[in-house]
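Trainee: Structure incoming, see below.
The values are calculated or read from the model by the stated rules, or taken from the named source; none is laboratory data. Only a predicted model underlies this, so the values are computations on that prediction, with no experimental measurement involved. FYI the Cβ positions are ideal-geometry reconstructions off the backbone, even for glycines, and counts take in every protein chain you see. Surface areas here come from the heavy atoms of the whole protein model, side chains and all, with no ligands, DNA or RNA. Shrake-Rupley method; radii C 1.70, N 1.55, O 1.52, S 1.80 Å.
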Amino acid sequence: MSSSVAARQKMVDGQIRTRDVTDMRILEAMLAVPRERFLPEAQRALAYLDRDVPIDGLSGPERRYLVQPVVIARLLQALELGGSDKVLVVGCGSGYAAALAARLAGQVVALECDPTLAAMARENLSALGFDNIRVENGPLADGAAGEAPYDAIVFDGATDVIPNKLYQQLADGGRLAGVFATSEPPRAVLVTRTQDDFGMRVLFDIATPVLPGLERRPEFVF
């Protein structure tokens, strides 16, 4: 067994199974997808740590991360993806969450606002043989309306605002899962659409980096 395969097994056994992820399809996807592939060479030794790992050379609020493994696992589990579902991954970064979603669903649209990261995601996903993922480059808050509606939407990071445009891109019966930093503490939430009504259920408390374009605008004080 190679060191990377052993590291994936240890991640699944120690970080994922032990934290309420019971969907065998998700466990199998996380064992199959090489997480280190989605990081720069210098960061690959950190791929299987139980934390958010930087995937670019930026600093401060613009820095982007490969989100803590258990967060994306639990969000995908909440969506209960089926083999015919069409999924939008918001803020796909270098493509890891999109790769996991593509093993569970029929079609994936991976939206990324940073053109360099979008190109990295395309390269990574192509190299791994995925043919059911389309990477789009554009503002995250706008979604990818040209490909809508979606059976499911997942955030690969957090939102600090209510993503109203994305709600409207859900199909009737669609689900959206993401970390909402709109309150304290931040919470992972499942939103469901029934016609023009939207229900919300809290899944678990967790903090994860807020995605670009989904930050709360500063309030002006006169």
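Trainee: Any residue at all in segment 53-73 that's among the small types (Gly, Ala, Ser), closer than 17 Å to PHE204 by Cα and open to solvent by less than 80 Å² (accessible area, probe 1.4 Å)?
Mentor: Within segment 53-73 (the criterion being among the small types (Gly, Ala, Ser), closer than 17 Å to PHE204 by Cα and open to solvent by less than 80 Å² (accessible area, probe 1.4 Å)), the answer is yes, since at least one residue qualifies.
Trainee: GLN15 versus (1) at pLDDT 95 or above; (2) assigned to a helix (DSSP H, G or I); (3) out of contact with any Asp or Glu (no Cβ under 6 Å at 6 or more places or on another chain): which is the lone unmet condition?
Mentor: (3)
Trainee: Return the pairs, sorted by first residue and then second, in which the second residue is of a type outside the set (Gly, Ala, Ser) and in a helix (DSSP H, G or I), the first residue lies in segment 85-97 and is at positive phi and buried (at least 24 other Cβ atoms within 10 Å of the Cβ), the beta carbons are less than 6 Å apart, and the residues are 6+ apart or on different chains.
Mentor: Going by the 6 Å Cβ cut-off, the qualifying pairs are GLY91/LEU140; GLY93/LEU117; GLY95/PHE38; GLY95/ASN124; GLY95/LEU125.
Trainee: Go through segment 174-197 residue by residue and tally those that are in a strand (DSSP E or B) and either within 19 Å of ARG74 (Cβ to Cβ) or open to solvent by 70 Å² or more (accessible area, probe 1.4 Å) (or both). Spell out the reasoning first.
Mentor: Keep residues of segment 174-197 that are in a strand (DSSP E or B), which gives 174-180, 187-194, 197.
Restricting the remaining residues to those that are either within 19 Å of ARG74 (Cβ to Cβ) or open to solvent by 70 Å² or more (accessible area, probe 1.4 Å) (or both) gives 174-180, 187-192, 194, 197.
Residues that pass the stated criteria total 15.
Trainee: Related question: What pairs come up if the first residue lies in segment 107-136 and is more than 19 Å from GLY157 (Cα to Cα), the second is assigned to a strand (DSSP E or B) and among the basic types (Lys, Arg), and their beta carbons are under 7 Å apart, counting only those six or more places apart or on different chains?
Mentor: What qualifies is GLN107/LYS86.
Trainee: Might you check whether a residue that is at pLDDT 95 or above, more than 15 Å from the chain's Cα centre (by Cα) and part of a loop (DSSP other than H, G, I, E, B) occurs anywhere in segment 133-140?
Mentor: The first filter runs over segment 133-140 and keeps only residues at pLDDT 95 or above, leaving 133-140.
From what is left, the residues that are more than 15 Å from the chain's Cα centre (by Cα) are 137-139.
Pick out the ones that are also part of a loop (DSSP other than H, G, I, E, B) and you get 138-139.
Looking through segment 133-140, at least one residue is at pLDDT 95 or above, more than 15 Å from the chain's Cα centre (by Cα) and part of a loop (DSSP other than H, G, I, E, B).
Trainee: Return the pair list, or none, for Cβ contacts closer than 6 Å from residues in segment 1-20 that are farther than 14 Å from ARG51 by Cα to residues that are surrounded by 12 or more Cβ atoms within 10 Å (Cβ to Cβ) and of a type in the set (D, E, K, R), at least 6 apart or on different chains.
Mentor: SER4/GLU36
Trainee: Among the residues of segment 82-128, which ones are assigned to a loop (DSSP other than H, G, I, E, B), touching a helix residue (DSSP H, G or I) at 6+ places or on another chain (Cβ under 7 Å) and not hydroxyl-bearing (Ser, Thr, Tyr)?
Mentor: Passing the criteria: GLY91, CYS92, GLY93, GLY95, ARG103, LEU104, CYS113, LEU128.
Trainee: Here is a follow-up. Kindly provide the set of residues from segment 151-173 that are among the hydroxyl-bearing types (Ser, Thr, Tyr) and surrounded by fewer than 24 Cβ atoms within 10 Å (Cβ to Cβ), ordered by number. I'd like the intermediate steps shown before the answer.
Mentor: Taking segment 151-173 first, the residues among the hydroxyl-bearing types (Ser, Thr, Tyr) are 159, 167.
The answer is TYR167, and nothing else.
Trainee: Determine, yes or no, whether ASP142 is surrounded by fewer than 21 Cβ atoms within 10 Å (Cβ to Cβ) and acidic (Asp, Glu).
Mentor: Against the criterion (surrounded by fewer than 21 Cβ atoms within 10 Å (Cβ to Cβ) and acidic (Asp, Glu)), ASP142 qualifies.
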